[in-house]
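K.L.:
One structure follows; several queries about it will come next.
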Amino acid sequence: MTTTTCGPSSTAATGSAPAVTGSAPAVTGSAPVAPPGTRERTQRRVRDGLGTSADRPDGTPKVTGAFAFSSDLHDQRMLWGRTLRSPHAHARIVSIDTSAAAAMPGVVAVLLAEDVPGKATFGLEHTDQPVLARDVVRYEGEAVAIVAAEHPETALRAIRAIEVTYEPLPLLTDPAEAATTDPIHPDGNVFRTLPLRHGDVDATGDVVVEGTYEVGMQDQAFLGPESALALPSDDGGVELFISTQWLHVDRDQVAACLALPADQVHLTLGGVGGAFGAREDVSLQVHVCLLALATGRPVKMLYSRAESFLGHVHRHPARMRYRHHARRDGTLVKVEAEILLDGGAYASSSTAVLANAVCFAAGPYRVEAARIDGQVVRTNNPPCGAMRGFGVVQVCFAHEAQMDRLAAALDMDPVELRLHNALKPGDAIITGQRLTGTAPVREVIEAAMAHPLPPDPREDEPAIALPGGAGLTARREDVRRGTGIAVSIKNLMYSEGFDDYSTARVRLETSPDGEPFATVHSACAEVGQGFVTLAQQITRTALGIERVVLHAADTGVGSAGSTSASRQTWMSGGAVQLACDTVHHGLLERARGVLGVPDEPLVLEPGRVVDPATGAEVAIAQLLRAGPLEATEEHHHAPTSTLDADGQGDAHVSFAFAAHRATVDVDPDLGLVRVLQIATGQDVGRALNPRAVIGQIEGGIAQGVGLAVMEEILVEDGLVRNPSFTDYLIPTALDMPSVAATLIEQPEPGAPFGAKGVGEPPTISSTPAVVAAIRDATGKALTRVPVRAQDIAFGEAGAIPPTAGSTSAG
Amino acid sequence: MSSVMDPTKVTYLRPTSVAEAVDALRTSDGARPIAGGTDLMVQVRLGRRRPDTVVDLSAVDGLAELSEERIGAGVTMRRLLASEHAAAAWPALVEAARLLGGRQIQAMATVGGNLCNASPAAESATPLLVHDATARIAGPDCVRAVPLEEFWSGPGQTVLGPGELLIAVTLPATAGRSAYRRIELRRSVDIAVVSAAARLEIVDGAVAQARVAIGAAAPTPRRVVAAEQVLEGVAVGPDLERAINQAAVLAGDACVPIDDTRATARYRTAMIPVLVSRALAACVP
Ligand SMILES: Cc1cc2nc3c(=O)[nH]c(=O)nc-3n(C[C@H](O)[C@H](O)[C@H](O)COP(=O)(O)OP(=O)(O)OC[C@H]3O[C@@H](n4cnc5c(N)ncnc54)[C@H](O)[C@@H]3O)c2cc1C
């Protein structure tokens, strides 16, 4: 059961008033938020407007099974596409013989690299990945050939009938060797090296603690496998229905590889079954369009689960070496870190992931000096890219373990140490960037700590309540309880000078029954985060009407940017707001004409426009008799700059903070863990839909707990050993702890409605909090996630207190 | 690469008697029985098995029979969980059935399928071993009985010959308590990392009969007779506590586990004594 606690709903600038515990999943709604920016505003509230826990428009269909996911896409005439993938992690392609496959009845097309009409490679930041491998394959699962056939089984038999002769090449699987090994790609083995030097890099502290940490390869583990339907269009172009995170960046890559102008490639979002970063890169987009154009028929592709594990990027595994310097009173003097990320075979978004890891290497703390060296490299391991938390997850695991080591070395309470160093508004992070917005670090920590701990274990508890669950093996008398805390900082939106704007079109008109309704057209990918709800809420509040229709997300309107980096509420929410503002102005303009008051400040109320001076009013429906009002607006965030040679610069738009306190029960002999509770305080700016915010917090925690205790893609000699949900374990409902959440609401200056993105922070610091709690219960060092049962059962003791020699008097 | 059955080439047969089922199995070398299909269909999808004929056992008369001394091969985990007799007579088996898969899997998964799939981690295997189960096998020529501990010949392998079918396991009336313990890495719907079942029959304050079996610790589920021997005849009390510790160590010695994605062999070897001692302790009144 989830205990949800919501913070105060006022707009007060300090948000940590005592939390009120509600029962699951009751969330007290915040007061509706008045959109700032215009003097003339809705005075009375419209139903299901901003600040309420309005229902998701796709909620009921998703629960009843009526929602069409992209895997449900269908066309009467469609063929089935299938991909032949490399069984080797590194090999030369000596020959490919497709004759047997092509001759099979029911096989319509077999395509190879030479059949790609346009650009041979794709990629988010560097186009280094072949659409189809031509001479070399660099990871297990790399696409080599594609087929289209009348039946999915025929397609499968056809790819098996393709004969490829490979000559295995030496494997590069250790990221530490990448920089000095012969290049495995013409672009070299180093994606990016990023040094950061801040303050007096030679400073030393009275107390020094050091440690090395590792993060394993996590998968996004979405439930809806990659799937799409492509249809050739009459103009020689292609129409693609696809589950993705960013329609326009897919379109541009598809168009380039197909040698088509962008306007002949039209994309519409298919129902997305989860994303978490794994749909930011192209997977089957180019392949399915190629097959549709080659065959002149609609083509559907749908990955199997095993193929999905090979067919999308994962979270970067990391190796990190840290040294923290502090004064006797706990003040952080310097943080040193070497961070090595394994990017796998192709670049994807590795360079941006590294920037995040380096910029946030010290966490949400004031540090006088920092010396960070980050590198992300190419190997023959599976390609890595975006995943919820994007580079920050890895370093947060390390810096939070370091803070606990430091607290132990100083004999200080770990919470005190964090509060002592917590960033405040006006402080600078280690890139030299000052926090000009809100920074309630102290508040999130205090809010997390203020929640009551879970009740003490009872003797009569059912055995399933213990670690190990249904296995019935743990015994209450052996179980030890531990708690741990962790805190995080995450950038919102894209960084380093990138203008990731969003576009929205809003049209207000009357339906045949005479009721006004608005249509919102945005290319924002709804991947479960709730933009569809938010777009309706914003429009209802801004235009004083209840009926808001969502146009399908497609490339018929300008880019919305990616549904990632916790950015769509801010970016696309802001774009919808701007378009609503323009329509709103148009309405008032018409009302002035109708009411004959050219200079009066009028007020929009639900359903009508009112002249407060006289009480005269006119219905919105009447104002729309003159025709619909429509506006298309782009929303850009404040510009950012690049990082200089020392990793310094105002590279980020805004920051969000979260703290998590985990309570775990551990059976130390078995090495089994039950995470009982996560208490959290999260900096959300404003909760525009409190229930949706809680949903993000719970989902993010599930993924953070997964990384802490079970989720890892195991790679041996470049080969994935567990590409299934039998062997890649994700938490079930029984593994999910109870969540007690306090939302810290301090409106963020410059953010539409003051709201910060909320999707990533819950994933970031929940992982180190759980591991800190396991350390507390067991006294084991546990410097690697996921923590495996054998790490607890046999692991070395020692995180607390730090290992001998790591503490030195300065 | 994964593979699927070629649906156009698979023959589906649904016999209604054991004799018909045996005949059906002999129509092709590539014939395979299917019960709940919760193992077979997964293996077909992964390309590990490619039957050209599937013989559906769901209509075979008598196969789903559950009585006081007999569990038909077609009895599902859900049936076991609903049976008062099973709960009273074979507690270890019911504990194991309760944690096999999730609810949906329990509704389909059969005891016969679980035993014939011959996974070293098969949930029902060790509980049935400690209850001295005998496998009843029907074949082209005769019906034969094999003690369950001789039923498996390796991972995924049984002593079933061509055309042979497991029709039931029979269990003598056994006294005493039994218990099942396993280690799983997730709190539900996971495969055992290691498992153990135990049974102690205590008469006049001393152990009259002891059974210990371990799962996922060797190529097949197995009984640990050496561990049983140190327990039998021992009086309840400190002596039994010592004997349990000894038995646990002996069970650890009987492990020949593997390293896999779930756990290291070292972890498995270290956990077996813990599981065995906890399962045995649960059998002491
Ligand atoms: C999600 C999931 C979770 C699972 N969790 C567990 C778990 O926790 N523990 C566990 O042990 N297993 C688990 N399993 C595996 C499986 O459910 C069990 O082994 C189940 O008991 C198999 O029974 P079945 O009737 O489905 O067998 P089937 O799949 O129908 O058959 C399995 C094998 O036995 C053969 N066979 C079946 N009946 C006979 C017979 N009478 N005579 C001869 N051969 C026969 C078949 O040919 C086949 O090779 C899980 C499976 C899934 C999909």
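K.L.:
List the number of the failed condition for A:G188; all other conditions in (1) in a helix (DSSP H, G or I); (2) open to solvent by 10 Å² or more (accessible area, probe 1.4 Å) hold.
P.N.:
Of (1) in a helix (DSSP H, G or I); (2) open to solvent by 10 Å² or more (accessible area, probe 1.4 Å), only one is false for A:G188: (1).
K.L.:
Please go through region B:238-262 and pick out each residue that is within 23 Å of the chain's Cα centre (by Cα) and either more than 16 Å from B:A196 (Cα to Cα) or acidic (D, E) (or both).
P.N.:
Those that are within 23 Å of the chain's Cα centre (by Cα) and either more than 16 Å from B:A196 (Cα to Cα) or acidic (D, E) (or both): B:D253, B:I258, B:D259, B:D260, B:T261, B:R262.
K.L.:
How many of the residues in region B:119-136 are outside any helix (DSSP H, G or I) and more than 8 Å from the ligand (Cβ to nearest atom)?
P.N.:
The qualifying residues number 7.
K.L.:
Considering only residues that are aliphatic (A, V, I, L, M) and touching a Ser or Thr at 6+ places or on another chain (Cβ under 7 Å), look in region A:367-400 and name the one that is farthest from A:G706 (Cα to Cα).
P.N.:
The first filter runs over region A:367-400 and keeps only residues aliphatic (A, V, I, L, M), leaving A:367, A:369-370, A:372, A:376-377, A:386-387, A:392-393, A:395, A:398.
Filter once more, keeping what is touching a Ser or Thr at 6+ places or on another chain (Cβ under 7 Å): A:376, A:386, A:392-393.
Working: A:V376: 24, A:A386: 17, A:V392: 16, A:V393: 13 Å.
Among them, the one singled out is A:V376.
K.L.:
Any idea how many residues of region A:448-493 are open to solvent by less than 10 Å² (accessible area, probe 1.4 Å), more than 14 Å from every other protein chain (Cβ to nearest Cβ) and over 29 Å from A:A565 (Cα atoms)?
P.N.:
1
K.L.:
Let me ask something else. So which residues in region B:91-118 are more than 14 Å from chain A (Cβ to nearest Cβ) and under 13 Å from the mean Cα position of the chain (by Cα)?
P.N.:
B:A109, B:T110, B:V111, B:G112, B:G113, B:N114, B:L115, B:C116, B:A118
K.L.:
Same structure, new question: Considering each of B:R177, B:R144, B:R199 in turn, give the residue that is surrounded by 20 or more Cβ atoms within 10 Å (Cβ to Cβ) and either among the basic types (K, R) or on the phi > 0 side of the Ramachandran plot (or both).
P.N.:
B:R199
K.L.:
Starting from region B:73-88, take each residue that is more than 14 Å from chain A (Cβ to nearest Cβ) and list its partners that are away from the ligand (no atom under 16 Å from the Cβ) and open to solvent by 60 Å² or more (accessible area, probe 1.4 Å), counting only C-beta distances under 9 angstrom and pairs at least six apart or across chains.
P.N.:
B:H85/B:E68
K.L.:
I'd like to verify a number: residues in region B:34-50 that are within 14 Å of chain A (Cβ to nearest Cβ) and assigned to a loop (DSSP other than H, G, I, E, B), how many?
P.N.:
5
K.L.:
Would you mention how many residues in region B:182-227 are within 16 Å of the ligand (Cβ to nearest atom) and within 17 Å of B:D132 (Cα to Cα)?
P.N.:
8
K.L.:
Kindly provide the set of residues from region A:168-178 that are open to solvent by less than 60 Å² (accessible area, probe 1.4 Å) and part of a loop (DSSP other than H, G, I, E, B), ordered by number.
P.N.:
A:L169, A:L172, A:T173, A:D174
K.L.:
How many residues does region A:264-305 contain that are assigned to a helix (DSSP H, G or I) and closer than 30 Å to A:A702 by Cβ?
P.N.:
Quick first cut of region A:264-305, residues assigned to a helix (DSSP H, G or I) only: A:264, A:285-295, A:305.
Still in the running and closer than 30 Å to A:A702 by Cβ: A:285, A:305.
Matching residues across region A:264-305 total 2.
Every residue, every condition in (1) in a helix (DSSP H, G or I); (2) away from chain B (no Cβ under 14 Å); (3) open to solvent by 10 Å² or more (accessible area, probe 1.4 Å), yes or no:
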{"site": "A:R686", "(1), (2), (3)": "no, yes, yes"}
{"site": "A:Q696", "(1), (2), (3)": "yes, yes, yes"}
{"site": "A:S724", "(1), (2), (3)": "no, no, yes"}
{"site": "A:M736", "(1), (2), (3)": "no, no, yes"}
{"site": "A:G759", "(1), (2), (3)": "no, yes, yes"}
{"site": "A:P768", "(1), (2), (3)": "yes, yes, no"}
{"site": "A:A772", "(1), (2), (3)": "yes, yes, no"}
{"site": "A:D791", "(1), (2), (3)": "yes, no, yes"}
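K.L.:
Examine region B:233-242 for a residue that is under 19 Å from B:G176 (Cβ atoms), open to solvent by less than 20 Å² (accessible area, probe 1.4 Å) and within 11 Å of another protein chain (Cβ to nearest Cβ), and state whether such a residue exists.
P.N.:
Looking for residues that are under 19 Å from B:G176 (Cβ atoms), open to solvent by less than 20 Å² (accessible area, probe 1.4 Å) and within 11 Å of another protein chain (Cβ to nearest Cβ), one finds none in region B:233-242, hence no.
K.L.:
Given the criterion under 25 Å from A:L472 (Cβ atoms), near the ligand (Cβ under 8 Å from one of its atoms), surrounded by fewer than 23 Cβ atoms within 10 Å (Cβ to Cβ) and of a type outside the set (A, V, I, L, M), identify the matching residue among B:G112, B:G101.
P.N.:
Values: B:G112 fails: surrounded by fewer than 23 Cβ atoms within 10 Å (Cβ to Cβ).
The match here is B:G101.
K.L.:
Right, something else. Suppose we filter A:G671, A:G681 for residues that are over 30 Å from A:D200 (Cβ atoms), more than 18 Å from the chain's Cα centre (by Cα), of a type in the set (G, A, S) and within 14 Å of another protein chain (Cβ to nearest Cβ); which single one remains?
P.N.:
Of the residues listed, the single one that is over 30 Å from A:D200 (Cβ atoms), more than 18 Å from the chain's Cα centre (by Cα), of a type in the set (G, A, S) and within 14 Å of another protein chain (Cβ to nearest Cβ) is A:G671.
For (1) more than 14 Å from chain A (Cβ to nearest Cβ); (2) open to solvent by less than 30 Å² (accessible area, probe 1.4 Å); (3) more than 30 Å from B:V130 (Cβ to Cβ); (4) among the hydrophobic types (A, V, I, L, M, F, W, C), each residue gets a yes or a no:
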residue: B:T11; (1), (2), (3), (4): yes, no, yes, no
residue: B:R32; (1), (2), (3), (4): yes, no, no, no
residue: B:T53; (1), (2), (3), (4): yes, yes, yes, no
residue: B:R70; (1), (2), (3), (4): yes, no, no, no
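K.L.:
Next question. I need the full set of residues from region A:125-150 which are in contact with a Pro (Cβ under 9 Å, 6 or more places away or on another chain) and not in a strand (DSSP E or B), in order please.
P.N.:
Result: A:D128, A:R138, A:Y139, A:E140, A:G141, A:E142, A:E150.
K.L.:
Identify, please: which residue in region B:243-281 is closer than 12 Å to A:Q790 by Cα and touching a Gly at 6+ places or on another chain (Cβ under 8 Å) and is, among those, most open to solvent (accessible area, probe 1.4 Å)?
P.N.:
Among those residues, the one meeting the criterion is B:T269.
The values are calculated or read from the model by the stated rules, or taken from the named source; none is laboratory data. From a predicted model like this one, the values you see are computed outputs, not experimental measurements. Here Cβ is always computed from backbone atoms with ideal geometry, including for glycine, and neighbour counts include all displayed protein chains. What goes into the accessible areas is simple: the full protein's heavy atoms, side chains included, and nothing from ligands, DNA or RNA. Shrake-Rupley method; radii C 1.70, N 1.55, O 1.52, S 1.80 Å.
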